[in-house]
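The values are calculated or read from the model by the stated rules, or taken from the named source; none is laboratory data. Computed from a predicted model, the values in this text were never measured in an experiment. Ideal geometry is used to build each Cβ from the backbone, glycine not excepted, and the neighbour counts take in all protein chains shown. Surface areas here come from the heavy atoms of the whole protein model, side chains and all, with no ligands, DNA or RNA. Shrake-Rupley method; radii C 1.70, N 1.55, O 1.52, S 1.80 Å.
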Protein chains: 4
Amino acid sequence: MTPSERLSVAIVGGSGYAGGEFLRLALGHPHLEVTQVTSERSAGLPVSMVHPNLRGRTNLKFRKAAELGAADIVVLALPHNSAAKRIAEFTEKGRIVVDLSADFRLKDPEVYRATYGEAHPAPEGLGDWVYGNPELHREDLRGATRIACAGCFATSVILALYPLLKLGVLLPKDIIATGLVGSSAAGASASESSHHPERAGSLRVYKPVGHRHTAEASQELPGNFPLHLTAISTPRVRGILTTAQAWLPDGYSERDIWSAYREVYAAEPFVRIVKAARGIHRYPDPMLLDGTNYCDIGFELDTETGRVVLMSAIDNLVKGTAGHAIQSLNIACGWEETAGLDFAGLHPA
Amino acid sequence: MTPSERLSVAIVGGSGYAGGEFLRLALGHPHLEVTQVTSERSAGLPVSMVHPNLRGRTNLKFRKAAELGAADIVVLALPHNSAAKRIAEFTEKGRIVVDLSADFRLKDPEVYRATYGEAHPAPEGLGDWVYGNPELHREDLRGATRIACAGCFATSVILALYPLLKLGVLLPKDIIATGLVGSSAAGASASESSHHPERAGSLRVYKPVGHRHTAEASQELPGNFPLHLTAISTPRVRGILTTAQAWLPDGYSERDIWSAYREVYAAEPFVRIVKAARGIHRYPDPMLLDGTNYCDIGFELDTETGRVVLMSAIDNLVKGTAGHAIQSLNIACGWEETAGLDFAGLHPA
Amino acid sequence: MTPSERLSVAIVGGSGYAGGEFLRLALGHPHLEVTQVTSERSAGLPVSMVHPNLRGRTNLKFRKAAELGAADIVVLALPHNSAAKRIAEFTEKGRIVVDLSADFRLKDPEVYRATYGEAHPAPEGLGDWVYGNPELHREDLRGATRIACAGCFATSVILALYPLLKLGVLLPKDIIATGLVGSSAAGASASESSHHPERAGSLRVYKPVGHRHTAEASQELPGNFPLHLTAISTPRVRGILTTAQAWLPDGYSERDIWSAYREVYAAEPFVRIVKAARGIHRYPDPMLLDGTNYCDIGFELDTETGRVVLMSAIDNLVKGTAGHAIQSLNIACGWEETAGLDFAGLHPA
Amino acid sequence: MTPSERLSVAIVGGSGYAGGEFLRLALGHPHLEVTQVTSERSAGLPVSMVHPNLRGRTNLKFRKAAELGAADIVVLALPHNSAAKRIAEFTEKGRIVVDLSADFRLKDPEVYRATYGEAHPAPEGLGDWVYGNPELHREDLRGATRIACAGCFATSVILALYPLLKLGVLLPKDIIATGLVGSSAAGASASESSHHPERAGSLRVYKPVGHRHTAEASQELPGNFPLHLTAISTPRVRGILTTAQAWLPDGYSERDIWSAYREVYAAEPFVRIVKAARGIHRYPDPMLLDGTNYCDIGFELDTETGRVVLMSAIDNLVKGTAGHAIQSLNIACGWEETAGLDFAGLHPA
């Protein structure tokens, strides 16, 4: 494949937010050409009617999944558990399949069962899928044809913790991660909890314990330590700010944290260490990341107690979903890793 | 009836925002005792489950409308056109009936038909109802037993314009009123347009022309002039800010506007003229009115053109609905007009 | 003093948010009469120019502190460290002094020095002050004449943890409390960090470690355990939502948490346990508390790990400052404890 | 100049929002290379400290304006009236000068004096400047070396009205335009009115009459009619939604409005006519335009009265300032008109 060649993309379930975001990014990507987008409820309508930011950008119309034709790449943006049940149908259509749901992230079907409360519909193929996190699995992603896009909260947790755990800079003690999550994470379907008067001013703990991304983060993170997640919805639409509370071993200092992040992330195009000595933007803030593929990471150490507060911010729909998937695809296909992901973000925003 | 006596209140349709707000105000009212609240979908549940601000304030549970018993006052908080169809049923239950919908506001059944697109279900009784606007109809409200609560956008328009039109301080020329409206005005039911990710950052013109409150405002305002309304939704939950663009006759000045407002509103307990020479709070702002029964009114004159911008702000659920109704009831029952309506509002808010 | 008697109140530093909120509550209080409000920068102006919610509610004007006259109660709403330096001046003016700052909260001058980085300006009188938290110090407050109002974040932490620590329902293990704080907590002065374009969409970790309220909370909470605070600013104006991550001893269950809260808070007029099995308002949410004196408390247990997530929500300016102070004063003066604090809060809000 | 050549750009006053937005766009532009950015208060600091969205995107540091060196293009992002006073200094440094302020927009020094309350500091050069609105002045912009970027509110008014006025589809009767404006329009300096607690929930009429952009819009719009502006601040950070109330001559219909817009804007790359028969995104909404160079235009006709409500939405910092300037520069330099302006905008946002 030459760099100028474009691969055709079919997006299955393109009327939701994840599919819509993949569509936005793919329309601006130098090596992708979106040829099909499916939606059961909006079949026949222009995609720009559902995603009005794309007015004038595409003339594509939604079709039903039953009308799905072949494509080089099939992107699945379906509700959890839907992709796995029909996976044979989709792998027939395209050489490369990217799943944005949680269906193929967990390697162990037993963990899947414990996490999602039912048996995995297609456990035999689980081993074929690469977890779509370039920072941890770049080599596995090269040439990959099955990519299971990482979860959004999980990504913010994993990227904050991975270097420190890998290099032994944290005690194997309870780590508590609190995610402040925007409303788009719950998807495009209206519900009582997403009703604007009930949500606009709300700070709502929606998953104090038992968050499903715990399994995914635990699978990916090295070491043996208890990981605890709490998720709180905020008035933002996009974005996750995660604070992870962890503990430095005796004798370690701030310098060791810096070293670990630098060693692991030095060459990463989408990870920035944000820790300013002054100013109002000292730590990661999702406000700055809407539409971008960055994961900003920062930290602060309480030298009296050894407690370290790790912070990470992402746009849940980009680095947390569609952008992460594009980055993974770029690696899989041998393209420039940043292709299609160059938006810098806005300030003010 | 002695001042300390309490009248019993039944609220029909109490799970919506208008009914919930009436309930909140009635629970704190010295002469009202809420004894029944109906809701078809929440029957059997504590009202505080739907209106969580009332936790610890009441042990009432919703019942079905079919189980409605007698009460001194029946308050109808039903969707438009529902109250009128069943009005005989409700007038049987209570001596005083207050309707929060648009069903009994318009005096002329033909205007109702033109405005709401169907014949009025109970036109014979229209003459019994007093339009629930104390500033215009205080005398009619004394002893009234049928009160049709004024519409929220209409109230903001009427109160801004009434004194100037009454006293001839405006030209009989097109008046254009633009209302910036919070999301609670669309009610408690979730919909695509109220889905937080679609609404939180939106400035959405939802009724550029043809707003139904035009009929109501035209009915109540003196003089013969064309009135044009435009309604835009904002990211606020409560509140309406209306700017009305009108024209001063030759020879009139700012002083005449001041005089008109003072003459008409001098003794009004809930109308404040807000026009400060400096500071950041120079004009009416709904930010300051959440939960209050105030209508703040201000203005600015363009001396070069005679254009005058009238501004009014209210909480759509209080002065725009439930508070206005309570104030009307206070007058109807001979109580202190401000009873139960003493909340000052918050700053900051 | 008979119940109908009113005590005169002077508010020193009344142009800020804490002083303004005390003023709002005091104006509606049956036993208080505000006679003086000072502000250096706004001296001579009507208080309603700075607190526009009070238009039509008071004709008071600000005076300079130098013109402060005698009053039954002197309320100090000054920047931290200002009250202590001039405390003799203020105790001369009033029999009862309520300080809303942090100056007199800590009993131990050494802890004050460690926390605030300088020696306490008036350490000799520290023992005279009662920490203004009615739930913990109701008996001490009766007849008290020196009340040091509790800090807002500290209050949310203390009220969530106190019953469980008191009754031994938590392990003496690290407790991590994360506070999501509204912008009003930083006060009424404009700054770069409070500039709307920089703040409106922000989730900003402003105090990951080293929060000063740690000292206060540790002083008040029973038992010996490490307490760690992290504070994050949110797009809300008012309110704090605190999640405290703690650990249940072996053999304890959800029932023990319920029991502890019920035992300690059963008779508390302003503490509500919020833990609904269904619906969208299952846990405490500051959205519902603007303007109220409630502290809503909830929890969830991870039965697999023994981790318990305690949640508390308050309005930082009411239960976190001025309302807590009024409640303390009500006890100190022998009045109905809820006097002046009856606002239920709004829904939607 | 070949297409691949890059022109050097110096941004004077680059710490504000307009300068920062120009910088963001220029950094991603194929033919521009930013070599200098000045800021008096931030001289010596990395630009990414003030514009944190540019972390990892540029290593530029601010310098003082006194250290300004030569550049192909000098962009002035100074407070109004500052650029004009020192214009000779800047034209010396660069062949092409783009001014983002209001200083060179008005052709007539007397109109400038009437509008800005003082004599123009450099009236002799006013004729050299092209008003930076490509839709109206594309031909004049080709090869231009002095570009006066159009004002943001003015742009939204002009683009909504221009085709209809040009083609005689509106009566020469009072046109009233109401602009709902985000907080970034007031600039990067903190003030009492921009203090988050005072602004977050506010709907504040800040310029009911006498808006300075009236002069600019009147200069650019054809025909002789009275134009009246009212400006209201909203809780958004970016964006302007303008509704213009105008009047159709007898015998004209919706079709004529469509025709006029289509005739004038058919080939415009950044103007979209948005008028959907259904769905929730029927009209222009600034929510969808953050970061984009689009001006979305829609309308609705009241067939009973001939009133037409024209609506336009822009991002005040892009199509309202820096993007408009880039588009003008692209034309002036003979580049692809859309170069550097390809961001589609987000949904949800």
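With the solvent-accessible surface defined on protein heavy atoms using a 1.4 Å probe, which residues belonging to the range C:309-349 display a reduction of at least 50 Å² in accessible area in the multichain context relative to the isolated chain? Relative to the lone chain, where solvent access is computed with a 1.4 Å probe, the range C:309-349 loses at least 50 Å² at C:F343, C:A344, C:L346, C:H347, C:P348. When you work out D = kT/(6 pi eta Rh) for the range D:153-316 at 25 °C and 0.890 mPa s, using the Kirkwood radius from C-alpha pairs as Rh and the Stokes-Einstein form, the result is 150 µm²/s. Highest GNM mean-square fluctuation among A:R105, A:R138, A:R238, for chain A modelled with Cα contacts below 10 Å: A:R138.
Assume the label is 7 Å from Cα along Cα to beta carbon: what separations in nm does C:E40 have to the matching positions in the other copies? Sorted ascending, the copy-to-copy spacings read 2.8, 6.4, 6.7 nm. In the protein assembly as shown, the DSSP beta bridges split such that about 45 percent are antiparallel, to the nearest 5. Max-minus-min Cα coordinates of the range B:166-216 on each principal axis give 45, 20, 18 Å, with the largest extent listed first. Projecting the Cα atoms of C:G151, C:G125, C:P163 onto the charge dipole of the range C:104-203, computed from C-beta unit charges around the Cα centre, puts C:P163 farthest toward the positive end.
The alpha carbon gyration tensor of the range C:149-246 gives principal lengths a ≥ b ≥ c with a/c of 1.5 or higher and a/b greater than b/c, which makes the shape prolate. For the range A:69-85, 3J(HN,Hα) computed residue by residue from phi via the Karplus equation (6.51, -1.76, 1.60; θ = phi - 60°) reads x, 5, 7, 5, 10, 10, 10, 9, 10, 10, x, 3, 6, 7, 5, 4, 5 Hz, glycine and proline entered as x. Counting only protein heavy atoms and a probe of 1.4 Å, the accessible surface of the protein assembly as shown is 47% carbon and sulfur. Cα centroid separation, the range A:39-117 to the range B:55-95: 48 Å. Computed about its Cα centre, the charge dipole of chain A is approximately 820 debye, with only Lys, Arg, Asp and Glu carrying charge at their Cβ.
Averaged over the residues of peptide D:55-65, the number of Cβ atoms from other protein chains lying within 10 Å of each residue's Cβ is 2.
Relative to the compact-globule estimate of 2.2 N^0.38 Å, the Cα radius of gyration of the range A:234-334 comes out at 1.18. Amide H contacts under 5 Å for B:F299: B:M311, restricted to partners 5 or more places along the chain or on a different chain, H placed in the peptide plane at 1.01 Å from N. In order along the range D:280-287, the Karplus-derived 3J(HN,Hα) couplings, from 6.51 cos²θ - 1.76 cosθ + 1.60 at θ = phi - 60°, round to 9, 10, 7, 10, x, 8, x, 3 Hz, and Gly and Pro are given as x. Which of D:V271, D:A313, D:V47 sits farthest toward the positive end of the charge dipole of chain D, with +1 on the Cβ of Lys and Arg and -1 on the Cβ of Asp and Glu? Going by the Cα projections, it comes out as D:V47.
Ligands, DNA and RNA aside, C:E263 has an accessible area near 130 Å² when probed at 1.4 Å. Rounded to the nearest Hz, the phi-derived 3J(HN,Hα) couplings of the range A:206-212 under the Karplus curve 6.51 cos²θ - 1.76 cosθ + 1.60 (θ = phi - 60°) are 9, 8, x, 9, x, 5, 5, where x marks glycine and proline. When shorter helices are ignored and each DSSP H run of at least 4 residues is given -39500 (n - 2.57), the per-residue value for the protein assembly as shown at 222 nm works out to -7000 deg cm²/dmol. Inter-part distance, the range B:223-297 to the range B:139-198, computed on C-alpha centroids, equals 12 Å.
Run through all the Cα pairs of the range B:1-116 and give the fraction in each 10 Å bin from 0, expressed as whole percent. Result returned by the calculation: 14, 45, 30, 10, 1. Note on B:145-157: average number of Cβ atoms from other chains within 10 Å of each residue's Cβ is 0. Normalised radius of gyration (Cα atoms, divided by 2.2 N^0.38 Å) for chain C: 0.97. The mean sequence separation of alpha-carbon pairs under 8 Å and at least six residues apart, normalised by the residue count of the range C:271-322, gives a relative contact order of 36 percent.
Mean partner shielding of peptide A:160-167, defined as the number of other chain Cβ atoms within 10 Å of each residue Cβ, is 0.
The DSSP beta bridges internal to the range B:16-146 are antiparallel in roughly 10% of cases.
For the range A:153-316, relative contact order (Cα pairs under 8 Å, six or more residues apart, normalised by length) works out to 31 percent. Accessible area per residue for the range C:153-316 is 29 Å², calculated with a 1.4 Å probe on protein heavy atoms, without ligands, DNA or RNA. Distances, shortest first, from the label point of C:G223 to those at the same position in the other copies read 2.6, 7.0, 7.4 nm; the point lies 7 Å along Cα to C-beta. Peptides A:290-301, B:317-328 ranked from most to least packed give B:317-328, A:290-301, packing being the mean of other C-beta atoms within 10 angstrom over each peptide's residues. Residues whose amide H lies under 5 Å from that of A:R146, counting only those 5 or more places away or on a different chain, are A:V97, A:V130; hydrogens are built 1.01 Å from N in the peptide plane. Within the listed set D:E220, D:E268, D:E124, the residue fluctuating most in the Gaussian network model of chain D (springs between alpha-carbon atoms under 10 angstrom) is D:E124. Summing +1 for each Lys or Arg and -1 for each Asp or Glu among the other residues whose beta-carbon sits under 11 angstrom from that of B:P286 gives 0.
Heavy-atom accessible area buried between chains A and D is around 3100 Å² (1.4 Å probe, both sides summed). Starting from the coordinates of the alpha-carbon atoms of the range C:65-190, obtain the Kirkwood hydrodynamic radius over all distinct pairs and give the value in Å to one decimal. Radius from the Kirkwood sum: 16.3 Å. Rounded to two decimals, the Cα radius of gyration of the protein assembly as shown over 2.2 N^0.38 Å is 0.91. The candidates D:Y206, B:Y261, arranged from most to least accessible area with a 1.4 Å probe in the full protein assembly, appear as D:Y206, B:Y261. Each copy carries a label point for D:G117 at 7 Å from Cα toward Cβ; from one copy, the others' points are 4.0, 5.0, 6.4 nm away, ordered from shortest. Net charge dipole, the range A:1-58: roughly 180 debye, given to the nearest 20, about the Cα centre with Cβ charges of +1 for Lys and Arg and -1 for Asp and Glu. DSSP assigns beta bridges within chain C; of those with both partners inside it, close to 45 percent run antiparallel. Dipole size of the protein assembly as shown about its Cα centre, with +1 on Lys/Arg Cβ and -1 on Asp/Glu Cβ: approximately 0 debye, rounded to the nearest 20.
Near the amide H of C:N316, within less than 5 Å, lie the amide hydrogens of C:G239, C:I240, all on another chain or at least 5 residues away, with H placed in the peptide plane. Remark: relative contact order (chain B) = 17 percent; criterion is Cα-Cα distance under 8 angstrom and separation of 6 or more residues.
Highest mobility in the GNM of chain A, judged by mean-square fluctuation with C-alpha springs under 10 Å and restricted to A:S189, A:S15, A:S312, is found for A:S189.
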